[in-house]
Each structure stands twice: as structure tokens, then as C-alpha cells.
């Protein structure tokens, strides 16, 4: 798992730990269909998970040629 600078900034602003991001990706669900990002040439997928008293959404970029998940951003969702 690799974090973009943007994702690290959002995590810091929202006091979200690496562990919470990992839990969201491991235990979360995909609420919306993945979408193609022509700029990066990747598939963007948003995982959502309610844990630690808050609903977290993590956007990752998936690339067929790179086995790493690229964490693009981290958001708080309201239920």
C-alpha cells in the first residue's frame, strides 16, 4: 500500500491513522461502482467502513501492472 502526498495530508487533517485506512480497505465495502481515471490510467475504487465511531472512505487507484494499492485520498462520510 502506497500513499499519495494528498492522502497523507487528508489523513493528518482528519486524524486518521494508517491502521484505520488498512482496516477500511480490509473490512470495508464498495458502495459505488469503480470508475476509470484516464489521467492516471487506473481504476478508482472507494471503500467505506464504519469503525472507531466514524464512517471512513478511502479511494484507491488500481493498476494492472502494479500490485500495490495507491491510496489517493481519505474522507469522512456521514451515515
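What follows draws every value from the coordinates through simple rules; no lab data is involved. Nothing here was measured: the structure is a model prediction, and the numbers come from that model. Cβ placement follows ideal geometry from the backbone for every residue including glycine, while neighbour counts extend to all protein chains displayed.
Here are some notes:
- Peptides 29-38, 13-22 ordered by average Cβ neighbours within 10 Å, highest first: 13-22, 29-38
- Residues 78, 4, 46, 73, sorted so that the one with the fewest Cβ neighbours within 10 Å comes first: 78, 4, 73, 46
- According to the Cα-based calculation, Rg over Rh for region 2-77 is 0.95, with Rh computed by the Kirkwood formula.
- Using alpha-carbon coordinates, inclination of helix 18-27 to the longest axis of the chain, degrees: 70 degrees
- For residue 77 and residue 50, the difference between the fully extended length at 0.36 nm per residue and the C-alpha to C-alpha distance is 8.8 nm.
- Most fluctuating residue given options 44, 56, 69, as computed from a GNM of the chain linking Cα atoms under 10 Å: 69
- Going from the residue with the fewest nearby Cβ atoms within 10 Å to the one with the most, 48, 65 rank 65, 48.
- If you plug the beta carbon distance of residue 32 and residue 64 into 1/(1 + (r/R0)^6) with R0 = 22 Å, you get a FRET efficiency near 0.60.
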